[in-house]
Amino acid sequence: MRTPLKLLLALAIAGASYIPHAAAQTATTTTSVNVRSGPENVFPTVTWLLSGTQVTVVGCIANWRWCDVIAGRDRGWVYSRFLSVPFNGSAVTILNGGPNLGLPQSEFSLGEYWDTHYQRKHWFGRKAYWQKRWDRRAPQREWRDPSTRSRPAISEQ
């Protein structure tokens, strides 16, 4: 009788100790979007999602322009202008909310990411090509709060 109880207790402790990304959050696509195999629109397309599709946001790169998402059995990167999350009673795109939304940040390492998620994709065999292209990319702009961006002055007439 004690062995099953110990086993049950061990399973309960093990289950409680496994906590997926605590800050992972559900987002909704604001339009139909491509899910890419990396955080730029030049990467191969993993899948395509309809507007209104709910995804799990694993994290976003430091400038909040691209987010690593899970949609069903697919995983990849979506441009954050097309992802909205609930914030202070309304839906806010991740591009506009940035770090204020409390989402985790993610680093993108092409080799590790592709090895984990895309070994069965037809473009996986060109991983070295995509790695070179990724390594030569231009520096990324930092995130700027949209409310602090300067707007053109309106002339009074």
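Table: residues versus (1) farther than 25 Å from residue 26 by Cβ; (2) modelled with pLDDT of 95 or more.
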site	(1), (2)
77	no, yes
83	no, yes
87	no, no
98	no, no
102	no, no
140	yes, no
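Would segment 43-56 turn up any residue that is within 19 Å of residue 107 (Cα to Cα), over 14 Å from the mean Cα position of the chain (by Cα) and not polar (S, T, N, Q)? Within segment 43-56, one or more residues are within 19 Å of residue 107 (Cα to Cα), over 14 Å from the mean Cα position of the chain (by Cα) and not polar (S, T, N, Q).
Take the conditions (1) of a type in the set (S, T, N, Q); (2) within 22 Å of residue 27 (Cβ to Cβ); (3) in contact with a helix residue (DSSP H, G or I) (Cβ under 6 Å, 6 or more places away or on another chain); residue 47 misses just one of them, which is (3).
So that you can scan it fast, the table gives a plain yes or no per residue for (1) farther than 22 Å from residue 134 by Cα; (2) surrounded by 19 or more Cβ atoms within 10 Å (Cβ to Cβ):
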residue: 31; (1), (2): yes, no
residue: 34; (1), (2): no, no
residue: 39; (1), (2): no, yes
residue: 46; (1), (2): no, yes
residue: 75; (1), (2): no, yes
residue: 93; (1), (2): yes, yes
residue: 101; (1), (2): yes, yes
residue: 105; (1), (2): no, no
residue: 113; (1), (2): no, yes
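The values are calculated or read from the model by the stated rules, or taken from the named source; none is laboratory data. Please read all numbers here as calculations on a predicted model, not as lab measurements. As a convention, Cβ positions derive from the backbone with ideal geometry for all residues, glycine included, and neighbour counts pool all protein chains shown.
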